[in-house]
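A short worksheet on the structure shown next.
What follows draws every value from the coordinates through simple rules; no lab data is involved. No experiment lies behind these values; they were computed from the predicted model shown. When we count neighbours, we look across all protein chains shown, and the Cβ atoms used for this are built from the backbone with ideal geometry, even at glycine.
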Ligand code: SPV
Ligand code: MG
């Protein structure tokens with residue numbers, strides 16, 4: 001009910017107010033963000049946006065769909081340009097009921113004949129509806145409204161079709177008597193003079209609206225002094241969009257690239273903002289049932305080696321794997337597992353790594369430090385149940401699920417396939433308390449040693465860069481981290497130093513979750529190729 005009330009407030013306001021055209025939910029939200037207090041849902045621009053003419057070609061159903069999208073998106077009131085009311089009095093009544101249902105603040109109908117033609121086209125040859133019939137339509141609309149504040153505005157096209165001012169005044173007075181809440185006096189004159197004259201002779205029965213499309217340069221004070229209540233800027237959002245779209249299309253058409261356009265057009269980030277993409281993340285936090293109390297720290301500071309070209313403008317976790325950056329896949333997997341509290345430690349090219357809904361840390365010394373230098377930056381968020389993972393690891397989701405389901409205090413994921421032996425690539429080689437088990441073997445396995453120089457015959461697999469601790473395990477991890485960091489050059493070391501430190505004090509400290517493949521990391525171009533970049 002509020003929208004209609006707000007529209008009434010604009011009409012009753014002692015100063016001249018203005019509303020601006022919108023033709024879809026996007027333009028409506030841009031108008032609302034600009035602080036404009038109301039919308040004009042224009043027949044000219046709605047039809048044009050739909051690829052149609054402003055000749056009653058757009059159906060009532062089609063237009064109601066757009067209005068529904070607009071009123072669902074913005075809170076400012078909408079005055080809908082209802083043309084001739086979509087038929088006779090009975091059609092207009094259906095329209096009014098459906099507008100009330102959709103919280104549209106009001107409708108403006110004009111005294112023309114269906115199918116109507118836009119006021120600026122062949123206007124002298126247009127004809128007006130009989131006054132009695134139009135007054136009946138107004139009364140029918142007022143009787144049909146289900147919201148007592150709903151506004152029915154009556155527009156006279158008398159000046160548009162070339163009638164005298166007297167005829168316009170006469171019609172407007174009759175419409176007010178029939179129950180119209182406001183009248184709209186339309187004019188195609190280049191000056192405000194005809195409408196000014198109308199205002200001078202107007203009885204003041206109801207507020208007056210005008211549409212200064214042709215007399216746009218009239219100063220605001222002139223409208224105010226004349227006693228106009230509401231101005232409609234009737235088509236400016238669509239005209240702005242058309243100009244920009246033509247510029248972009250012509251440029252790309254001529255030059256064949258969008259390279260020089262970036263500063264001329266809205267950023268993709270801005271598109272996401274208008275869509276409230278962050279709101280979805282907030283919503284997921286609030287409403288998705290399987291939210292976990294676990295948090296995640298993703299290490300994404302290094303540039304990687306052998307990836308010079310692919311990382312010229314981005315860190316390696318932003319390299320797309322089958323079209324999606326590795327870090328985005330990681331975030332999707334974390335969300336799917338219910339892990340909402342995610343921190344990312346950035347280093348190389350932090351400006352190219354700005355995912356929404358995560359806490360960002362920066363390791364400005366990423367070039368001199370190892371993984372532990374990055375972990376140190378995020379030390380304060382390592383508490384409770386926490387996953388620590390490399391940002392450039394892409395994996396099947398069941399791996400994360402199994403890791404998070406482990407009942408051990410500290411668990412690492414180890415790939416027992418030893419695929420690095422054949423390819424010769426470097427790996428976080430590990431020795432485990434036993435080789436990968438048979439399918440039905442439920443034994444528990446523990447990490448014995450991790451180092452990338454372990455001899456081939458001593459290796460049971462490779463750590464994939466995912467580690468999860470909980471409770472006392474997190475306390476132990478932090479203690480080991482602090483001990484390693486306390487030594488000179490400690491922050492130049494890798495995660496393996498902390499894991500080995502943990503094993504030194506307790507050989508059963510680190511449980512191994514064995515997998516067989518189903519993951520890659522972006523450590524070498526060969527891996528990237530494997531991921532079908
Ligand atoms: C509209 O915006 O559709 C209007 C105003 O009705 S005008 O185009 O001037 O007729
Ligand atoms: Mg119109």
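At what distance in angstrom do the alpha carbon centres of region 423-474 and region 223-298 lie from each other?
Cα centroid of region 423-474 versus Cα centroid of region 223-298: 48 Å apart.
Starting with the highest mean, order 437-443, 272-278, 491-497, 206-212 by the number of other Cβ atoms within 10 Å, averaged over the residues of each peptide. Write out the running numbers ahead of the final one.
Numbers: 437-443: 7.4, 272-278: 13.1, 491-497: 19.0, 206-212: 23.6.
Final packing ranking: 206-212, 491-497, 272-278, 437-443.
Can you give the % of DSSP beta bridges in region 3-242 that are antiparallel, to the nearest 5?
5 percent
Can you compute the FRET efficiency between residue 90 and residue 352 using 1/(1 + (r/R0)^6), with r the Cβ-Cβ distance and R0 = 60 Å? Round to the nearest 0.05.
Numbers: r = 60 Å, r/R0 = 1.01.
Here the calculated transfer efficiency is 0.50.
Taking 7 Å along the Cα-to-C-beta vector as the label spot, tell me the residue 65-residue 245 distance in nanometres, rounded to one decimal.
A separation of 1.7 nm, rounded to one decimal place.
Using only Cα atoms, tell me the angle between helix 472-486 and the longest principal axis of the chain; keep it within 0 to 90° and round to the nearest 10.
70 degrees
Starting from the Cα-Cα distance between residue 268 and residue 139, subtract it from 0.36 nm times their residue separation and give me the gain in nm to one decimal.
Values: separation 129, 0.36 × 129 = 46.44 nm, distance 4.83 nm.
Fully extending the segment from residue 268 to residue 139 adds 41.6 nm.
Sort 385, 62, 75 so the one with the fewest other Cβ atoms within 10 Å of its own Cβ comes first.
75, 62, 385
Between the alpha-carbon centers of region 356-372 and region 26-91, tell me the distance in whole angstrom.
Cα centres, region 356-372 to region 26-91: 49 Å.
Taking R0 as 60 Å, what's the FRET efficiency between residue 261 and residue 170 from their Cβ-Cβ distance, rounded to 0.05?
For R0 = 60 Å, the calculated efficiency reads 0.65.
Rank these for me by crowding, 302, 333, going from fewest to most other beta carbons within 10 Å.
The order, fewest Cβ neighbours first, is 333, 302.
Once you order the gyration tensor axes a ≥ b ≥ c over the Cα atoms, which shape class does the chain get: rounded for a/c under 1.5, otherwise prolate or oblate by comparing a/b with b/c?
prolate
Can you tell me the relative contact order of region 203-317? Whole percent, Cα pairs under 8 Å, sequence separation 6 or more.
Relative contact order comes out at 14 percent.
Compute the helix-to-body angle for 165-178: its Cα long axis versus the longest principal axis of the chain, expressed 0 to 90° and rounded to tens.
Between the helix axis and the principal axis of the chain, the angle is about 70 degrees.
Where does helix 495-505 land angle-wise versus the long Cα axis of the chain, in degrees 0 to 90, nearest 10?
Taking Cα atoms only, the helix is inclined about 50 degrees.
Among 382, 138, rank each residue by its count of other Cβ atoms within 10 Å, from fewest to most, as a rough exposure measure. Spell out each step's value before the answer.
Values: 382 19, 138 25.
Neighbour counts put them in this order, fewest first: 382, 138.
Mind checking the full-extension length gain between residue 475 and residue 359? Use 0.36 nm per residue of separation minus the Cα-Cα distance, one decimal, nm. Numbers along the way, then the final one.
On the way: separation 116, 0.36 × 116 = 41.76 nm, distance 2.16 nm.
Value of the extension gain: 39.6 nm.
Classify region 233-346: rounded, prolate or oblate, from the alpha-carbon gyration tensor (a ≥ b ≥ c, eigenvalue square roots; a/c under 1.5 rounded; otherwise prolate if a/b is larger than b/c)?
Verdict is oblate for region 233-346.
Any idea how far the Cα center of region 122-167 sits from the one of region 307-342, in Å?
So the separation of the two Cα centres works out to 59 Å.
Can you give the extra length, in nm with one decimal, that the chain gains between residue 97 and residue 205 once fully stretched, where that is 0.36 nm per residue apart less the Cα-Cα distance?
36.3 nm
Suppose only helical runs count, i.e. DSSP H with n ≥ 4. What mean residue ellipticity at 222 nm does that imply for the chain under -39500 (n - 2.57) per run, divided by all residues and rounded to the nearest 500 deg cm²/dmol? Could you put the intermediate results ahead of the total?
Numbers: 19 runs with 201 residues, N = 533.
Using -39500 (n - 2.57) per qualifying helix, the result is -11500 deg cm²/dmol.
Report the FRET efficiency, 1/(1 + (r/R0)^6), for residue 483 and residue 433, where r is their Cβ-Cβ distance and R0 is 22 Å, rounded to 0.05.
Once the sixth-power term is evaluated, E becomes 0.40.
Please figure out what share of the DSSP beta bridges in the chain is antiparallel and state it in percent, rounded to the nearest 5.
DSSP beta bridges in the chain are roughly 30 percent antiparallel.
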